[in-house]
Amino acid sequence: MNANDTTINNVLTLLGRILIAALFVPAGLAKIAGFAGTAGYIASVGLPLPQVGAAIAIAVEVGFGLMVLVGWRSRLAALGMAVFTVVAGVIFHNFWAAAADQMQMQQINFFKNLSLAGGLLFIAAFGPGAWSLDARASASVPRD
């Protein structure tokens with residue numbers, strides 16, 4: 001691999017982390033601003049403890065989203081986000097049970113969630129790249 005390939009990979013991994021965080025972090029911040037509405041929506045699908053569910057969603061979207069953004073403990077954060085995204089897709093975008101006029105939109109949102117989970121699994125598998133706090137921390141660890 002030459003230096004140009006390395007630079008391109010570093011740019012692409014950073015850009016990928018920024019774009020994924022650009023979806024999750026603002027969504028989590030919106031949930032904070034509209035906490036009661038978020039809890040109400042969670043309750044509307046029959047989940048217990050909707051305030052707890054809203055708090056978990058905020059923690060995942062903002063907390064793990066920022067971790068992925070800066071590349072700190074990003075493998076764990078991305079894995080948690082992937083699980084959260086699949087579970088949210090199944091619960092909130094269950095197109096197989098949607099009304100006919102909502103089926104297509106719910107199907108699109110469901111598969112969007114699965115696609116995001118796929119991207120997050122790439123981060124979990126391959127890490128955040130060289131331009132991350134994880135890479136910086138491992139570079140500062142003395143080697144034997």
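Derivation of every value follows stated rules applied to the coordinates shown; laboratory data play no part. Computed from a prediction, not measured in an experiment: that's the story for all the values here. Cβ atoms come from the backbone with ideal geometry, glycine included; neighbour counts cover every protein chain shown.
Computed values, structure above
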| item | result |
| --- | --- |
| Signed unit charges on C-beta, dipole axis of the chain, positive-most listed residue I108, F122, H93 | F122 |
| Vicinal HN-Hα couplings computed from phi for region 106-122 (Karplus, 6.51 cos²θ - 1.76 cosθ + 1.60; Hz; Gly/Pro x) | 5, 5, 4, 5, 4, 6, 4, 4, 5, 5, 4, 4, x, x, 5, 5, 4 |
| Expected 222 nm ellipticity per residue - DSSP helices of 4 or more, -39500 (n - 2.57), all of the chain, to 500 | -25000 deg cm²/dmol |
| Principal axis box of the chain, alpha-carbon based, largest edge first, Å | 57, 29, 25 |
| Pairwise label distance in nanometres, A3 with Y41, each label 7 Å out on the Cα-Cβ vector | 4.8 nm |
| Charge-dipole axis of the chain as Lys and Arg at +1 and Asp and Glu at -1 on Cβ define it, positive-most pick from A57, T7, S138 | S138 |
